[in-house]
Amino acid sequence: MSSLKTKPAKTASAKVVLAAAAADIVLILAFAAIGRDAHHREQPVLGVLLTAWPFLAGAAAGWVIARVWRSPLSVLRAGVPVWLGSLVGGMILRALTAQTVVIPFVIVATLALAVFLVGHRLLITAAAKLRGR
């Protein structure tokens with residue numbers, strides 16, 4: 001006779017989840033800061049936060065939709081959804097709040113956010129594989 005009980009989905013430790021979330025936040029803030037610095041914008045701290053918030057909100061949506069806390073360091077199950085959530089959500093929120101959304105910016109954001117949000121997971125995965133050898 002089969003049991004109706006199923007095993008709960010395995011989730012990563014709270015430390016790993018918090019570290020991955022913190023890394024995503026810091027890297028999105030770095031993306032915003034680099035962009036602000038390149039364009040010599042005023043109000044460095046407030047300006048970075050104003051630039052970053054749509055991307056942070058989009059990344060948060062990616063975390064929730066993909067349930068990233070289950071495997072926060074996975075490139076495919078976490079990195080890609082967080083990157084796409086940040087990019088698409090960020091651009092939609094920027095457009096809705098009358099912030100600049102032009103093709104060159106979309107291209108730069110696509111590449112930079114991919115390198116940051118997927119890249120740090122690729123590096124961690126590669127380091128773990130090298131350690132496992």
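The values are calculated or read from the model by the stated rules, or taken from the named source; none is laboratory data. None of the values given here were measured: they were computed from a predicted structure. Cβ sites come from the backbone with ideal geometry, for glycine too, and all protein chains shown count toward neighbours. Note: accessible area is taken over every heavy atom of the protein model, side chains too, but ligands, DNA and RNA are not part of it. Shrake-Rupley method; radii C 1.70, N 1.55, O 1.52, S 1.80 Å.
Values as computed for the structure displayed
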{"quantity": "Of Ile25, Ile92, Ile107, the one that fluctuates the most in a GNM where the chain has Cα springs shorter than 10 Å", "calculated": "Ile107"}
{"quantity": "Listed candidates (1) 16.9, 65; (2) 14.2, 46; (3) 17.0, 69 - label of the one calculated as Rg and Dmax of the Cα atoms in Å", "calculated": "(3)"}
{"quantity": "On Cα atoms only, tilt of 103-113 relative to the major axis of the chain in degrees", "calculated": "40 degrees"}
{"quantity": "Exposure of Phe116 as accessible area (Å², to 10), given a probe of 1.4 Å and all protein chains", "calculated": "50 Å²"}
{"quantity": "Charge dipole magnitude, Cβ of K and R +1, D and E -1 - the chain, Cα centre, debye nearest 20", "calculated": "860 debye"}
{"quantity": "Per-peptide average of other Cβ atoms within 10 Å, ordering 124-133, 41-50 highest first", "calculated": "41-50, 124-133"}
{"quantity": "Dimensionless Rg ratio for the stretch 55-96, taking C-alpha atoms and the 2.2 N^0.38 Å reference", "calculated": "1.08"}
{"quantity": "Highest-MSF residue in the chain out of Ala59, Ala33, Ala78 [GNM, Cα springs under 10 Å]", "calculated": "Ala33"}
{"quantity": "Residues of the stretch 70-92 with amide N under 19 Å of the 7 Å Cα→Cβ point at Ala114", "calculated": "74-92"}
